[in-house]
Structures are given as C-alpha cells and as structure tokens.
Amino acid sequence: MACQRGDCEGLRDLLEKGADVNEASEEDGQTALMEVAIVGNASVALVLITFADDIVSSIFHYAAPFINLDELKMGARVDDLDFSGRSALWLAARNGRTRVAELLMDHGACVDSRSESGRTPLFIACRLGHVDTAASLLRRGANPNLRTKFGVSPLDAAVHVDRSIQLATL
C-alpha cells in the first residue's frame, strides 16, 4: 500500500519492521519493485532498492574479512521475474517509465532480460513507442539485434507505431 501511495516514509517504516522487500504476489509473481516500475515512482523504487544499504555498509566496515557483501544486500533484487518472466526493468520499459528504468540499470538490472516470449525491455519500449526509454536502454548497452521467439527484432516492432521514424534513427 505504501508503495502504491508513493509514501517513502511509510515504506521505510514497514521495511524496518521486517516487511519482505522481495515478497512476490501469489497472483502474478510481481514484487513491490515491479509494481513501482509500472507506475513510475522513482523515489519509492530507490527506497526499495537501497533499503538497509547504510546498515550493510557499517557491518561490512567491521566484518569485511569474514563476509560476502552480496549476501548482505537487503534491498529489492532488481532482476527478479514475475510469472511471465518479466523483470522490473521490462515493466518500466513497457510503461515508458524512463527514470525508473535508468535507476534500475544504475543498480545492475540486466538490460537484455527476456520475457517468456523472448521480448526484451528494448523490444517492448520500441513496440509501444517509448522513444526516450528505448534510447536510454540503447545507451546502457541493450542489444538491438535480439529477436523474440517469433523472430521479431526491436526495429521490426518499431515500424508498427507512429514514432517508428524516431525509433529507427536510434
């Protein structure tokens, strides 16, 4: 609920009380980060991703020789997949949420993750005419040559939208 309302303080409070930042819905397998990627709230996404990073940093300072920092990461996992094989980045790209997509990529999201049908974030951004998101994905190394299971490339998908000329120049 706090995620949907954009309530960063309420969200922090829930997380500090033990809410599982990576809990997935039984209905569709989506996590809070995926839901935030859909609505495009970058502030809430940042809270989810970086939750407890300051705690981890202080623990690491004292226990560095004895622990694996990756195991201490307590924030949202950016590459989790829902039941359709879609990541938070894929969902942000589908909805043209460029700021959230960039935040996810800044925190290590795989730019070429694929849904069950083989659609990448770049493919879906091109297919739906989200030029800014597509450009950002390309700048971050998304592969424009990856094709879906049906052999369709992002450029092929772009020709089906009004902005195909803009997308083709990316």
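The values are calculated or read from the model by the stated rules, or taken from the named source; none is laboratory data. Since we're looking at a predicted model, the values are computed, not measured. Virtual Cβ from ideal backbone geometry, glycine too; neighbours counted across all protein chains shown. These accessible areas exclude ligands, DNA and RNA; they are computed on the full protein's heavy atoms, side chains included. Shrake-Rupley method; radii C 1.70, N 1.55, O 1.52, S 1.80 Å.
One table, with the values for the structure above:
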{"read-out": "Exclusive hit being in a helix (DSSP H, G or I), of a type outside the set (A, V, I, L, M), at pLDDT 70 or above and farther than 28 Å from L128 by Cα, set D13, D54", "value": "D13"}
{"read-out": "Residues satisfying the stated conditions in segment 23-50, i.e. open to solvent by 50 Å² or more (accessible area, probe 1.4 Å) and touching a His at 6+ places or on another chain (Cβ under 7 Å)", "value": "none"}
{"read-out": "Single residue of segment 110-133 satisfying the filter (of a type in the set (G, A, S) and within 12 Å of A92 (Cβ to Cβ)) that is most open to solvent (accessible area, probe 1.4 Å)", "value": "S113"}
{"read-out": "Residues that are assigned to a loop (DSSP other than H, G, I, E, B), small (G, A, S) and over 16 Å from the mean Cα position of the chain (by Cα), drawn from segment 108-158", "value": "S117, G118, G129, G151, S153"}
